[in-house]
1. Looking for whichever is under 30 Å from Gly173 (Cβ atoms) and of a type outside the set (Phe, Trp, Tyr) here; the options are Thr353, Thr386, Thr357. Which one fits?
2. Restricting the search to the range 66-89, which residues are without any contact (Cβ under 8 Å) to a residue 40 or more places away in the chain, open to solvent by 50 Å² or more (accessible area, probe 1.4 Å) and either part of a loop (DSSP other than H, G, I, E, B) or at positive phi (or both)?
3. For the structure I just gave you, tell me whether Ile364 is modelled with pLDDT of 95 or more, within 29 Å of Gly438 (Cβ to Cβ) and over 27 Å from the mean Cα position of the chain (by Cα).
4. In the range 75-86, is there at least one residue being under 30 Å from Ile244 (Cα atoms), touching a helix residue (DSSP H, G or I) at 6+ places or on another chain (Cβ under 6 Å) and of a type in the set (A, V, I, L, M)?
5. Before we move on, is Met60 among the hydrophobic types (A, V, I, L, M, F, W, C) and either in a helix (DSSP H, G or I) or closer than 28 Å to Leu182 by Cβ (or both)?
6. Within the range 293-347, can you find the residues that are farther than 28 Å from Lys278 by Cβ, open to solvent by 10 Å² or more (accessible area, probe 1.4 Å) and among the polar types (S, T, N, Q)?
7. Any residue at all in the range 187-198 that is open to solvent by less than 20 Å² (accessible area, probe 1.4 Å) and on the phi > 0 side of the Ramachandran plot?
8. Taking helices (runs of 4 or more DSSP H) that do not extend beyond the range 99-154, which have at least 2 residues that are open to solvent by less than 20 Å² (accessible area, probe 1.4 Å) and under 17 Å from Leu174 (Cα atoms)?
Amino acid sequence: GPKEKNKNPPGRPAAARELGLIAPPRAAQRRGPVRSSMAAGFDPKMLAKMGVNVETFGDMNAFGDPSWYQAFNNPGYYNDTHKKLRQVVRDFVEAEVMPNVHEWDEEGKIPQEVYKKIGQQGLLPMTVGRPWPKEFAGDCPLGYEPDYFHELIVYDELSRCGSGGFLWGLAGGLVIGLPPVLKWAQQEVKHRVVPDVLKAEKVICLAITEPTAGSDVASLKTTATKEGDHYVLNGEKKWITNGIFADYFTVAVRTGSAKDGMKGISLLLVEKDMPGVKTRKMKCSGVWSSGTTYITFDDVKVPAANLIGKENAGFKMIMNNFNHERFAICCMTNRFSRVCMEEALKFANKRKTFGKTLIQHDVIRWKLAEMARLIESSHAWLENLTYQLQTMNHMEATMKLGGATALLKVQCTKVFEYCARESAQIFGGLSYTRGGQGEKVERLNREVRAMAVPGGSEEVMLDLGIRQTKKITEMAQAIIGANPQMQAKL
């Protein structure tokens, strides 16, 4: 498109330009796309005639975007609709989010009009899985049926703002709280709730975690007792994203006995104005604008019609949505790692120590190289997983991708933790100061745990990854009739 060009400020050090890590001054940009000194003498039109890819998008800082943005060949997953969507989201983030996200974080809330603007772009229904929810959102205003790569681009581009609070605030409740209602609630409930949530006129959240039950969902204690045509709900939920400003709560409750474990769990749609619902905002290390909440249910009467799916079948519904939730977390987290690296790279070209810029020190280039190799390998895995989601039917994806998604989540959050630390080391004291040059790096360092724990902690995900992979390999070995003595057991 016409905006697929380099937009870099002048005055970057010549040494770093020779390394091919950052863009040259604008005068040099007018002579053609950014490349290393090896290609500096070539005309881009000549290169194109020679079959060299010269298509670029974004700022062209080394590893600051996926490789196919930076004159590498398209891996085959993306077409013109993906490129147009990429431009739409980037323009929105540059104009509406970047200048304001620090203020929203400090205030602890994202203005409602921001949600609505994103809703008007047609982006919100894209985050609840496939297919597009036409019954409740109408035809996709973008003019096509979005796929999982469109969703990847939406999360990736939105995450350039470097704020987990903004991403969790925007999608933290919607991505995980709405799908159970969309798939399994009664029709009356769907038509009353889903359209307003997809238009950002109402907010929904998922309430599973409790003070004594997190990843161990089967141990939750919040109870719902059936009394005539309603349930009486009692219990507490903790660390609930978007809870403080939610209108609806998709709540995991125990309708069976404690001995029933996972077989005694149900999902109820609870509404904010029901008597006995109390919320208070929690003070957390990060993601301040996402509205992390402590919720108390005190004899809340919930109509039986608000039961989502069948009674005591809630655990399967919760598990059904985990792959998509973890996919979204991976998309966001790996871009946060990329943001840390790009911010550190830009700063390393300005800051001078011992008579030269940081980028001219071997140890700083080593740090950047380590970040780059981790980010790029994680993104390749993420694209592979996205392709599997796109090409498998839902049953096959549920059966095969649970372990891979769990391991990818660990990969992305561990890479994020590493990049947050190393970028902070490059920024020095500025990474310890809220606002200013180190704003994004400081904020993201506080938000590492907010990506590593929700959706399944790293320890639980590692174990799940192995156990799920064991099931798949045993199934495959049985199909091919492999010799048991030759099989390597997990």
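1. Result: Thr386 is the single residue among Thr353, Thr386, Thr357 that is under 30 Å from Gly173 (Cβ atoms) and of a type outside the set (Phe, Trp, Tyr).
2. Correct list: Phe72, Asn73, Asn74, Gly76, Asn79.
3. Working: modelled with pLDDT of 95 or more: yes; within 29 Å of Gly438 (Cβ to Cβ): yes; over 27 Å from the mean Cα position of the chain (by Cα): yes.
Considered against the rule, which asks whether it is modelled with pLDDT of 95 or more, within 29 Å of Gly438 (Cβ to Cβ) and over 27 Å from the mean Cα position of the chain (by Cα), Ile364 comes out as yes.
4. The answer is no; no qualifying residue exists.
5. Answer is no for this residue.
6. If the condition is that a residue be farther than 28 Å from Lys278 by Cβ, open to solvent by 10 Å² or more (accessible area, probe 1.4 Å) and among the polar types (S, T, N, Q), then Asn320, Asn323 are the ones that fit.
7. No: the range 187-198 contains no residue that is open to solvent by less than 20 Å² (accessible area, probe 1.4 Å) and on the phi > 0 side of the Ramachandran plot.
8. 112-120
The values are calculated or read from the model by the stated rules, or taken from the named source; none is laboratory data. As the structure is a prediction and not an experimental result, all values here were calculated from the model. Cβ coordinates were reconstructed from backbone atoms using ideal geometry, including for glycine residues, and neighbour counts include every protein chain displayed. Ligands, DNA and RNA are stripped out before the accessible areas are found, and what is left, the full protein with its side chains, is counted by its heavy atoms. Shrake-Rupley method; radii C 1.70, N 1.55, O 1.52, S 1.80 Å.
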